[in-house]
Each structure stands twice: as structure tokens, then as C-alpha cells.
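To start, the structure under review is shown below, and the notes come after it.
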Ligand code: S3P
């Protein structure tokens with residue numbers, strides 16, 4: 001196992017689970033949001049405000065292409081599956097894991113996360129977040145080889161399940 005790619009909606013636990021996986025496998029974690037922030041030199045919220053989502057998606061694609069061949073745990077951003085180009089790339093990668101969770105739990109996690117301001121979810125109603133979530137579900141499903149149901153599970157339990165599925 002050289003690479004595990006985590007995909008899923010905002011609040012699915014991609015960063016937390018990615019960290020734990022990297023620790024457990026003694027491997028490197030590449031967190032997309034962090035890599036993007038380093039690239040743009042400002043917060044994602046500020047970037048969205050100044051340059052908009054289309055520009056952000058371009059950077060996301062660049063980062064995906066850059067880390068494509070690296071060994072390690074890739075924790076993507078929730079919108080990575082929006083571009084067909086990204087989905088095609090993901091389909092060619094090994095061990096793409098969709099961290100699936102109940103929408104209610106995702107909304108709770110996203111709205112309670114004060115450290116991570118997500119421009120698409122900030123100050124949004126549950127209905128507005130649901131409208132972003134629904135059309136993405138089939139995109140996560142078609143891009144992943146492994147689907148892990150995470151609702152009600154601890155990050156540690158999720159890691160154990162992922163390792164079982166990828167044969168570690
Ligand atoms: C986004 C998810 C965020 C971040 C940006 C856009 C999205 O990452 O990339 O705010 O469109 O779902 P997380 O999924 O890590 O919160």
C-alpha cells in the first residue's frame with residue numbers, strides 16, 4: 001500500500017482520519033486545504049471572497065496533479081469531485097476511500113467547527129448545506145473504490161476499517 005486517498009463532504013473527517021492513518025502507517029499525510037493555503041498565501045475563506053470558487057477549483061486540480069504520484073495519505077477537500085477532470089484522475093488512483101456520513105452529522109460537525117471556516121458552509125442554513133451535499137453524493141460514490149460508513153464511529157474505528165479494506 002503506497003497511497004490512500006480520502007474523499008468526502010466537509011466534516012467527514014478526512015483530515016483527522018488522514019492524520020491517524022499516517023501515524024499508524026508511519027507515512028506522510030498530504031492535506032489539500034493545507035497545501036492550498038501554502039500555495040495561495042491566504043485563508044481559503046479569503047481566497048473564495050477575492051477570487052471566487054472557479055479559481056479555487058483550478059488550484060485544487062493543480063494540487064491533485066502534483067500529489068498524484070506521491071506515497072502517503074491524501075486528504076482531499078470536499079469539492080475535489082466536482083470537476084470531471086479530477087474524478088477521472090481519482091479513478092486511476094489506488095485506494096480511494098469515500099468517508100460517508102449522515103447529512104445531519106455532517107451539518108452538525110461543519111457548523112460547530114470554529115477553527116475551520118468553510119466559505120461554502122459558513123452562515124448557511126441546513127437546507128442550503130443539503131443543496132450542496134445532495135448532488136455531490138453520486139460523484140463521491142463513482143470516484144471511490146471503497147466506501148466507509150462513518151456515522152457514529154470514532155476516528156480510530158474508521159481507521160481500523162480502512163486498514164482492513166485496503167489489506168493492511
Ligand atoms: C470545500 C471543502 C473544504 C475546502 C473549501 C471547499 C468544498 O475542505 O476545500 O472550503 O467545496 O466542499 P474540507 O472538505 O476539508 O472542509
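The values are calculated or read from the model by the stated rules, or taken from the named source; none is laboratory data. The shown structure was predicted, so the numbers you read here are calculated from the model rather than taken from an experiment. Backbone-built Cβ (ideal geometry, glycine too); neighbour counts: all protein chains shown.
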*Looking only at the stretch 103-155, and only at residues there that are part of a loop (DSSP other than H, G, I, E, B) and in contact with a strand residue (DSSP E or B) (Cβ under 9 Å, 6 or more places away or on another chain), the one that is farthest from residue 84 (Cα to Cα)*: 151
*Say whether the condition of being closer than 23 Å to residue 109 by Cα, within 15 Å of the chain's Cα centre (by Cα) and either modelled with pLDDT under 95 or within 9 Å of the ligand (Cβ to nearest atom) (or both) is met by at least one residue in the stretch 16-30.*
no
*Does residue 101 fit the bill of being within 14 Å of the chain's Cα centre (by Cα) and more than 20 Å from residue 48 (Cβ to Cβ)?*
yes
*Could you pull out every one of the strands (runs of 3 or more DSSP E) wholly within the stretch 1-79 that has 2 or more residues that are within 19 Å of residue 133 (Cα to Cα)?*
3-7
*Kindly indicate whether any position in the stretch 35-57 is near the ligand (Cβ under 10 Å from one of its atoms), in contact (Cβ under 8 Å) with a residue 40 or more places away in the chain and within 11 Å of the chain's Cα centre (by Cα).*
no
*Can you tell me how many residues in the stretch 156-167 are surrounded by fewer than 13 Cβ atoms within 10 Å (Cβ to Cβ) and assigned to a loop (DSSP other than H, G, I, E, B)?*
1
